[in-house]
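Have a look at the structure below before the remarks.
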Amino acid sequence: MVGHSTVISAQIRAARAMLHISAQHLAKETGLGISTIQRMENRGTNTVTRANLKRVIQFLEERGIMFLGPLENGSSHGEGVYLKADSERQNS
């Protein structure tokens, strides 16, 4: 998992797509306004408060999303998202 400050807009959009949820649903479930979600996804995660970003990340992670950070320490992946298998989610 990466730190909240390194999660990027595309990762939020991808995570939502993997879970098959709309921006409106994400806004409702996190208690945020749709404009906050849209701003986060379209103009960058640095355009919203750390608390709001944390709420979105926590919601997505609780549903099995893992946020992958940029290449580091010889890792073969870049920034992205991963949806845990059902068995992994049940054991989390």
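Here, each number is a calculation from the coordinates, and none is a lab measurement. This one's a predicted model, so the numbers in the text were calculated from it and none came from an experiment. In this analysis, Cβ positions are derived from the backbone assuming ideal geometry, glycine residues included, and neighbour counts consider all displayed protein chains.
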Response to the item:
Sorted on mean Cβ neighbours within 10 Å (highest first), peptides 20-29, 60-69 come out as 60-69, 20-29
Discussion item. Ignoring solvent entirely, what values of log10 I(q)/I(0) come out of the Debye formula for region 7-60 at 0.16, 0.26, 0.27, 0.30 Å⁻¹ when each Cα is a single scatterer?
Written reply: -0.35, -1.04, -1.14, -1.47
